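S.K.: Below are the structure tokens for one structure; questions will follow.
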Amino acid sequence: MTHDVQTLIASASSSSSVASASVSGQSQIHEAVERSSLHSSNAVSSMAKSLLPTRRRLRLDPPNKLFFPYEPGKQVRSAVGIKNICKSHVAFKFQTTAPKSCYMRPPGGILSPGESIIATVFKFVEPPESNEKPIDHRSKVKFKIMSLKVKGEMDYVPELFDEQRDQVAVEQILRVVFLDPERPTPALEKLKRQLAEAEAALETRKKPPEETGPRILGEGLVIDEWKERRERYLARQQQVEGVDSV
């Protein structure tokens, strides 16, 4: 009888251990499955984000090209409209693969929400090779416009893009397209309008601000004016005294 009881207890204990091990194993498997599922979910999420288009901060006009009149051996101009389409201030910056033969005006700046400018791009056009048709000459030069959200109004400095490199977005890569200056096309007419607008805006910025308040004289001017008044007063007094004496 005692032997049978001991056998029964040992059997129950063994069954309990097996059951406990089974539960523990199932728990570990479940945790592993959850971790795997979470990792897969994060990987899918990251992949989905990478496939989604970057949300634009700027709207460009033209959106992906820079049109230049084709005049070999001369420096020619193009133009691109840049508008801030987000709710915060945005800094922009130009880069080019040919900094020695190209430059931008302005090379960068900060736009308030809804603000827009027309940037002018200057480029020296290399003469064509002997076996190239003039208007078929293709340029390998590319331009890149980058953007960066900034906190409110501030002075633009290019170092902003180095200090916050992880927040910088590439807005667009612009490729060069040459136009025949002797052949009127909608693209050429639009370029002429944009260049005229850019020149007018530049002249406006050059003008000194209009005086809206009272004029404040410098100390020297005030003293000089006081001296002139005193001299005129003394001259009149001398004239009056001369008349009285006569």
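S.K.: Read through the list (1) open to solvent by 40 Å² or more (accessible area, probe 1.4 Å); (2) modelled with pLDDT under 95; (3) over 29 Å from CYS86 (Cα atoms), then give the number of the only condition that PHE178 fails.
M.R.: It is condition (1) that PHE178 fails.
S.K.: Would you be able to say whether some residue in the stretch 130-148 is surrounded by fewer than 17 Cβ atoms within 10 Å (Cβ to Cβ), modelled with pLDDT of 90 or more, hydroxyl-bearing (Ser, Thr, Tyr) and closer than 27 Å to ALA196 by Cβ?
M.R.: no
S.K.: Quick test for you: out of PRO63, PRO158, PRO72, pick the one residue that is farther than 30 Å from GLU182 by Cα and surrounded by fewer than 18 Cβ atoms within 10 Å (Cβ to Cβ). Before you say what the answer is, go through the steps one by one.
M.R.: Values: PRO63 fails: farther than 30 Å from GLU182 by Cα; PRO72 fails: farther than 30 Å from GLU182 by Cα.
Result: PRO158 is the single residue among PRO63, PRO158, PRO72 that is farther than 30 Å from GLU182 by Cα and surrounded by fewer than 18 Cβ atoms within 10 Å (Cβ to Cβ).
S.K.: Let me ask another. Return only the number of the condition from (1) under 31 Å from the mean Cα position of the chain (by Cα); (2) at pLDDT 55 or above; (3) over 30 Å from GLU153 (Cβ atoms); (4) β-branched (Val, Ile, Thr) that ILE117 does not satisfy.
M.R.: Result: ILE117 fails condition (3) only.
S.K.: When only residues in the stretch 92-113 that are at pLDDT 95 or above and surrounded by fewer than 13 Cβ atoms within 10 Å (Cβ to Cβ) count, which is farthest from MET154 (Cα to Cα)?
M.R.: Of everything passing the filter in the stretch 92-113, PRO113 is farthest from MET154 (Cα to Cα).
The values are calculated or read from the model by the stated rules, or taken from the named source; none is laboratory data. Keep in mind that this is a model prediction, so the values were computed, not measured. So basically every Cβ, Gly included, is an ideal-geometry build from the backbone, and we count neighbours across all protein chains shown. Surface areas here come from the heavy atoms of the whole protein model, side chains and all, with no ligands, DNA or RNA. Shrake-Rupley method; radii C 1.70, N 1.55, O 1.52, S 1.80 Å.
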